[in-house]
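The values are calculated or read from the model by the stated rules, or taken from the named source; none is laboratory data. All values derive from a computational prediction rather than experimental measurement. A quick note on method: Cβ atoms are made from the backbone with ideal geometry, for glycine too, and the neighbour counts reach across all protein chains shown. The accessibility values were calculated without ligands, DNA or RNA, using every heavy atom of the protein model including side chains. Shrake-Rupley method; radii C 1.70, N 1.55, O 1.52, S 1.80 Å.
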Amino acid sequence: KQRLSTKEYPDIWVQCYTIWFKDNLIPKDIKHLSYPLIIKPVAWVGSRWVQKIRDFSELKNAIEIIKDTLIILWEKNLHNKKIIIEEYIDGDQYVFNYFVNNKGNYTLSIPTKVLTLQDININDFWNWIRIITPHIYNEIDNKKLSNNISKTIQWWKIKNTYISHNIKITPQWDYKTVEINWRIGWYRL
């Protein structure tokens with residue numbers, strides 16, 4: 001459902017295409033996306049095999065590289081054999097945690113800025129540092145953030161839960177959702 005919402009709200013979600021890893025991907029399948037792209041397995045692999053792709057031949061190679069591992073995970077019921085191909089956003093990433101009440105109103109906690117190894121010129125998307133300080137509020141356009149969160153709550157019909165919402169800000173200052181999760185505990189909140 002999260003990936004379907006990219007069609008409903010293209011202004012706030014990264015555009016993507018989801019395939020079964022064994023499907024024969026052809027360039028026209030992803031013509032609505034422009035390079036560079038991000039490829040990532042869908043479930044139970046964390047950030048493993050997330051890659052930035054610069055052209056179609058790199059994309060085909062990336063799928064081949066992760067194929068064997070996805071089969072092993074499938075046999076252990078830990079993966080559903082789907083791969084997401086999505087637009088790459090070269091911008092700052094933030095995590096917004098908030099509680100949505102039974103009326104769909106939200107209470108936002110302090111934003112978290114996320115830096116990946118990409119930010120220190122290592123070709124990996126592992127989150128190496130999270131910054132939580134009050135000055136991060138100054139980096140946020142509250143109107144655009146509120147628009148994104150409100151549409152997300154509306155689309156998902158979210159009520160009575162905590163949300164962890166990853167957003168990247170594009171060079172054009174658009175707020176694009178990368179991922180949302182229902183979450184309380186762990187190292188969040």
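Multiplying the residue separation of residue 154 and residue 126 by 0.36 nm and subtracting their alpha-carbon distance yields 7.0 nm.
Which trypsin sites (Lys or Arg not before Pro) in region 115-186 sit in a loop by DSSP (not H, G, I, E or B) and have at most 10 other Cβ atoms within 10 Å of their own Cβ? When the trypsin sites (Lys or Arg not before Pro) of region 115-186 are filtered for loop state and at most 10 Cβ neighbours within 10 Å, 157 remain. What's the FRET efficiency of residue 138 with residue 99 using the Cβ-Cβ distance as r and R₀ = 30 Å, to the nearest 0.05? E between residue 138 and residue 99, to the nearest 0.05, is 0.80.
Compute the acute angle (0 to 90°) between the alpha-carbon long axis of helix 142-156 and the principal axis of greatest extent of the alpha-carbon atoms of the chain; round to the nearest 10°. That helix lies at roughly 60 degrees to the long axis. Within the accessible area of the chain, what % is carbon and sulfur when the probe is 1.4 Å and the other protein chains stay in place? C and S fraction of accessible area: 52 percent.
Computed extension gain for residue 119 through residue 35, at 0.36 nm per residue and net of the alpha carbon distance, reaches 28.3 nm.
Take 106-114, 23-31 and order them by the average number of nearby Cβ atoms within 10 Å per residue, most first; the result is 106-114, 23-31. With R₀ set to 22 Å, the beta-carbon distance separating residue 54 from residue 173 gives a calculated FRET efficiency near 0.35. Reported to the nearest whole Å, the Cα centre-to-centre distance from region 71-113 to region 116-189 is 8. Secondary-structure-derived ellipticity at 222 nm for the chain, considering helices only, amounts to -6500 deg cm²/dmol, per-run term -39500 (n - 2.57) for DSSP H runs with n ≥ 4. Protection proxy ranking, highest mean first, for peptides 68-74, 82-88: 82-88, 68-74, where packing is the per-residue count of other beta-carbon atoms within 10 Å, averaged. For the chain, take the longest principal axis of its alpha carbons; what is the angle in degrees between that and the long axis of helix 56-75, to the nearest 10 within 0 to 90? Relative to the chain, helix 56-75 is tipped by roughly 80 degrees.
In the context of the full set of protein chains, residues of region 22-165 present 58 Å² of accessible surface per residue (probe radius 1.4 Å, heavy atoms only). In summary, the lysines within cross-link reach of residue 144, defined as a Cα separation below 30 angstrom excluding same-chain residues under 8 places away, comprise 1, 7, 31, 40, 52, 103, 113, 157, 159, 168, 176.
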